């Protein structure tokens, strides 16, 4: 009887129809979850002895190359797993994000492109939460056929993965004899090398900048790398900034879908706007500025109740008219967060059609603007302000140097007719506002910025320190007052906004600063500090040879300014509320404030939406990150340019100042170029140096000679890695005796500690 039932079961299993190979492949492709033999059997109702036949079919598909993977994790050949880690590598013509699987077997062909489709989890923050270089865990679905743009796969992000500190970039060095080669670093903090096996170099040529991954990890020896993409030759100094662009994942090309929107943009009509063309507003910018987003004007207040007061008008390009919420232009600007300025190029937040044309406040051309008219009394205190949306016409495009010369009584041909109506009133209003600024006492750091001048071939010609002019301070103060007015208005109207905030220094940083200042006989008072307290220390330091170093150390002690929806004030400017309003062409934060003002004051179309307001917390974080990214990229590019400039000066001697002290050695800054380099303690032969943290010094255990923060020294250049911006020096100056005041018994403690290590 049992045998009869068994035979019937076998016959029944044989009669059940097995899925065809095409059906299996279709099921695997369309599945959003991990697929193995068990899942396939369950989906097609395969039971009993039929499982053996199913196993045979799967084995045939694997042998034919149609399926890859293990028994419990099968997928179609050339297709990413249903749940994959993807890296965002670019955007398509419409501006949508495109990703590739991070882990991929090259035997299956090139990495497939996956078009990202936002899931509900990402609906609130949209694509602004993701950027090029980010990695996501995503559900991947294969389409029935290629879509219009040729994509065969769609990916729905599940969650964003923590971003790596650095993208893996390096310079490929080919091994012409054996094949493959070596990858050298572009990050001076990671001076390792990686081997590339033959066949893993892709299309990279010797000397190319490459993006790579590390598919095989080894506990010993040099790690092995695989080239993912060649980015061109980085040794052309005209392309050095591209290293930072790629290293930080900064978008530097506008998708076709974004550029297509530019053709539909039209200038605004006068209807609903205030005609400001009768006001002789002027732009004052750097001589090489290509876009002009702010214009200023001042005149004495005719109100007899405000004698000695001034009416100040600050007009800002009306970017909100052209860049509307939800458009591809807006999404792109939000993704970038800000423009990035390199010595050799600018990576703009907005396409040039907007930044250099439609929105740029060009001389003698009508332009839409959002303007604030402020009334100040004779003490420089603001009495009132009003925002209007209007049409303006710049009376003149002036450089800082040209405006300053006019202020000083040497007007150019362009400035001469503007002296009475524009120049002198501007100067008089600034003097009034400057008096109020002096009473407010913001943090007054003196940190001259070095500017790199390039020649026609993109090489460093010289490094200069531009003169700080009163014309700079005039524009700076006018912009600050406009920004304060924007924040005040939005608070009064109870409209959400993004503040520019700057927190007080942390207790830890203040403690370290106090210790350093004590070595120079300078002191900060105990308790809660205000900017004025730092200013007094800076004033005392002016007579010292290390005045510039004191300014820098005070700066390092400060918190970093950022964007936030929660107002904590601006410590450095000593202001209770502050919001960026004056540069919407190059900062997304300013565009948000413009939209908020348009909505709050009912100034027409293009106001902030409820959807945007719900996303402001995430936007504030993303644009703060973009700002830090831009600053790092700009700084690294300058380091690389100067390193390339010094590459042929190995063995040359330089005057420098010690800018940092660590256990491993000394950081030095060259006087003429401001270039930073390192002197390893191990290279300072003749003594064993101890790190004295509270004195910011290295002290010789045998000689007692010391090197301290701020000391002037003579160094010799011994190594340059241009692509990493790394300089290594040899110390030529001897340390100073009695330079560092050590506590009693220090030498005996050091000796005792050294003896214990030897005994151990």
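Coordinate-derived values only; no laboratory data. This is a predicted model, so every value here is computed, not measured. Backbone-built Cβ (ideal geometry, glycine too); neighbour counts: all protein chains shown.
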For labels at residue 277 and residue 175 in the simple 7 Å Cα→Cβ model, what's the distance in nm? 7.1 nm
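Quick check: residue separation of residue 491 and residue 287 times 0.36 nm, minus the Cα distance between them. What number comes out in nm?
Length difference between fully extended and current span is 69.8 nm.
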When 664, 394 are ordered from fewest to most other Cβ atoms inside 10 Å of their Cβ, what list results? 664, 394
Treat the count of other C-beta atoms within 10 Å as a stand-in for reagent exposure and order 103, 282 from fewest to most. 103, 282
Set of region 486-515 residues, backbone N closer than 19 Å to the point 7 Å along the Cα-Cβ line of residue 617: 495-501
Just need the relative contact order of region 525-633 here, percent rounded to a whole number, with Cα pairs under 8 Å and 6+ apart. 19 percent
Express in whole angstrom the spacing between the alpha-carbon centres of region 549-587 and region 390-446. 24 Å
Note the full-extension length gain between residue 55 and residue 652 as 0.36 nm times their separation in residues minus their Cα-Cα distance, in nm to one decimal. 207.7 nm
FRET efficiency, 1/(1 + (r/R0)^6) with R0 45 Å, evaluated for residue 521 and residue 408 via beta carbons: 0.70
Diffusion coefficient in µm²/s returned for region 660-723 by Stokes-Einstein, Kirkwood Rh over C-alpha pairs, 20 °C and 1.002 mPa s, is 171 µm²/s
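Calculate, in nm to one decimal, what residue 416 and residue 503 gain on full extension: separation in residues at 0.36 nm each, minus their alpha carbon distance. Numbers along the way, then the final one.
Details: separation 87, 0.36 × 87 = 31.32 nm, distance 4.44 nm.
Taking residue 416 through residue 503 to full extension adds about 26.9 nm, to one decimal.
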Over all directions, region 372-471 yields a Cα convex hull whose mean projected area in nm² is 9.9 nm²
Peptides ranked, highest mean first, by Cβ atoms within 10 Å: ranges 403-411, 175-183, 633-641: 633-641, 403-411, 175-183
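Which FRET efficiency value, to the nearest 0.05, do you get for residue 510 and residue 632 by plugging their Cβ-Cβ distance into 1/(1 + (r/R0)^6) with R0 = 35 Å?
Numbers: r = 25 Å, r/R0 = 0.71.
According to the calculation, E is roughly 0.90.
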Expressed as a rounded percentage, what relative contact order does region 358-421 have, with Cα pairs under 8 Å and six or more residues apart? 28 percent
If you rank 691, 172 by fewest surrounding Cβ atoms within 10 Å, what's the result? 691, 172
Obtain the nm distance between the two label points defined at residue 625 and residue 718 by a simple spin-label model: each point lies 7 Å from its Cα along the Cα-to-C-beta direction. 4.0 nm
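Quick check on packing: order 451-459, 495-503, 681-689, 616-624 by the mean number of other C-beta atoms within 10 Å, highest mean leading.
495-503, 616-624, 681-689, 451-459
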Placing each pseudo-label 7 Å from Cα in the direction of the beta carbon, residue 671 and residue 205 end up separated by a distance in nanometres of 4.4 nm
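Rounded to the nearest 0.05, what FRET efficiency do residue 567 and residue 341 give with R0 = 41 Å and r taken as the Cβ-Cβ distance? Could you check?
On the way: r = 28 Å, r/R0 = 0.69.
Computed FRET efficiency for residue 567 and residue 341: 0.90.
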Show me 369-382, 331-344 ranked by packing, highest mean number of other Cβ atoms within 10 Å first. 331-344, 369-382
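Give the relative contact order (percent, whole number) for region 297-438; include only Cα pairs under 8 Å separated by 6+ residues. If you can, show how the numbers build up before the last one.
Values: 206 pairs, mean separation 37.3, N = 142.
About 26 percent, as a whole number.
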